[in-house]
Amino acid sequence: LLSTAPRSRSESIVAENMRRAVAVLSRTDDLPPPEVVVLDSARCADVVARAAGRRLLRFYNSLKVPSTKWDICRAAALYADGGILMEPDLQPRFDVRRLFTSTTGFSAVLESSRPPARSWYSHLLPSMGTS
């Protein structure tokens, strides 16, 4: 993805965002440089199989909706390898790894400029001190 091969405008934007994110994350002297893993279709299938076995891989391969496959891929990658998942359009302004400790089990971000939408996590918000 970060090669110099010709690409579409949207691929160029994603590649530039990734370059900027890596540059921000590489500015920190006391942390190792980030490892960037791009999950394409083949790599997603491998990580799903590694994380959950053949049964989920068969289900994953049967899916027709790309966004559903991507949801499973992301969850499998985080489960199997840990790490920080950053969408390609995210443009960090500081090294987000500083927000986590060695004991951080899970973290998520909700946009604060608008009220949370009703969704699967809405019942958790009152217990997290959010209205």
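The values are calculated or read from the model by the stated rules, or taken from the named source; none is laboratory data. Quick caveat: nothing in here was measured; it's all calculated off a predicted structure. Because the Cβ atoms are built from the backbone with ideal geometry, glycine has one as well, and the counts that use them run over all protein chains shown. Accessible surface areas use protein heavy atoms only, side chains included; no ligands, DNA or RNA. Shrake-Rupley method; radii C 1.70, N 1.55, O 1.52, S 1.80 Å.
Note: relative contact order over segment 11-117, using C-alpha pairs below 8 Å and six or more positions apart, is 34 percent. In segment 1-74, what percent of the accessible surface is made up of carbon and sulfur (1.4 Å probe, ligands and nucleic acids excluded)? The C+S portion of the solvent-accessible surface of segment 1-74 is 55 percent. The alpha-carbon atoms of segment 24-70, seen along their principal axes, cover 44, 21, 14 angstrom, with the largest extent given first. Taking the Cα atoms of segment 1-98, the ratio Rg/Rh between the radius of gyration and the Kirkwood radius comes to 1.01. Simple spin-label estimate for S41 and A15 gives 2.1 nm between the two label positions (7 Å along the Cα-to-Cβ direction from each Cα).
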